[in-house]
1. From the C-alpha gyration tensor of the chain, pull out the three semi-axes of the equivalent ellipsoid (sqrt of 5λ each), sorted largest to smallest, in whole Å.
2. So what is the relative contact order of the stretch 269-335, in percent, for Cα pairs below 8 Å that sit 6 or more residues apart?
3. Below 8 Å, C-alpha to C-alpha, sequence gap of six or more: please give me the relative contact order for the chain in percent.
4. Order these by the 10 Å Cβ neighbour count, fewest first: 397, 418.
5. Per the helix-only calculation at 222 nm, which mean residue ellipticity applies to the chain, given -39500 (n - 2.57) for every DSSP H run of n ≥ 4 and division by its residues, nearest 500 deg cm²/dmol?
6. What is the packing order of peptides 364-374, 329-339, 148-158, 49-59, taking the mean over residues of other C-beta atoms within 10 Å and listing the highest first?
7. May I ask you to sort 361, 70 by Cβ crowding, counting other Cβ atoms within 10 Å and putting the fewest first?
8. For the ranges 194-204, 344-354, 13-23, what's the packing order if you count other beta-carbon atoms within 10 Å of each residue, average per peptide, and put the highest first?
């Protein structure tokens, strides 16, 4: 028993994977309680497990309507799981330890390092404190801005609750709402709601390492770390280009933008671009999107947000590195250079592995579900990519999926939140350094 416990503690990836799994299982049991549902009866366990996984993995996919199916108690469980999932269970565990005055052990620091994708063990507790402080401040400001609309519309008590719930859900990039099955469509013309939620999503998706650069150097971009520069520039490029593409493609689509004013068309296109990156809210009907927009959406979800934050996907920095490899190869450069900095080969190798494993998982799961379900290929790839990238946006097929497909999506959300490579390392932690190197060989390419 002791040796098994030591094996888990000595493997940060496994510890992290089992930690998230434990939170999911506890959450699923709590959601199954009759008090969690609006009608006072126990919910089917598979639905509870699906929703709890989606909560902890900050995805947003759900097999039941969040607003009407769950009671207030159920909503509290959901948003608590979202907060734990968004920050990471080790961040919350460290927070509790700090409150109780307990010492953070070396094994805990190793898991925190794995969770936050930190390069060094130095300053991890300080980073955790910064993560917690910045999160609660941003969520509080977000709730305050949302309350300007929600309190006059819903009353003080309900308005405050709605503001807190949606601020946490937005910053954690979860996309869960208690408004109704149409998500934020009701507020598609409300600039305050749409822009506040968008900013919360973007901030959550940048990553805490980027915040530290921004707060330390303000707007002096030259002093930012290479990572911060790549994430910020990549995020801006993705949001602007995808928003423009959606605006052009959907401009005359009756089911999405055609009947909106120019201002609302622009707002809806911008919000679609932001939410696709990893949030899960929507202000226009996803099922009515043209296939070309849906394919752009799949690519956008695949890219995702920044590491060490609440976003999912292959991560913007990973894709940026792959793009840099291609550009430098075309230019004939011997080294891979980004912002006048050379990139080590081990980073390139890891980026290529992440993209390959992530894409392979999505393709395999999508093909299996395509065989099982009667839905079209675009709808299924949209759904699976949304689950893998922990986005949570759907074309309306989630609740109609069969048991096998739901289980596959549960596994996909879990793998997407933990990280494909982390999950692989968790159960195959057998790295061995060779005492020799093989001779070079040649392969013809192209």
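No lab work stands behind these numbers, since they all come straight from the coordinates. Fair warning: this is a prediction, and the values are worked out from it, not measured in the lab. All Cβ positions, even for glycine, are placed from backbone atoms using ideal geometry, and neighbour counts span all protein chains on display.
1. Rounded to whole Å, the semi-axes are 32, 27, 24.
2. Taking the mean separation of contacting Cα pairs over the length of the stretch 269-335, I get 24 percent.
3. Averaging sequence separation for qualifying contacts and normalising by length gives 18 percent for the chain.
4. 397, 418
5. Only helices count here, giving -21000 deg cm²/dmol.
6. Listed from highest to lowest mean packing, they are 49-59, 364-374, 148-158, 329-339.
7. If I rank by nearby Cβ atoms, fewest first, I get 361, 70.
8. 194-204, 13-23, 344-354
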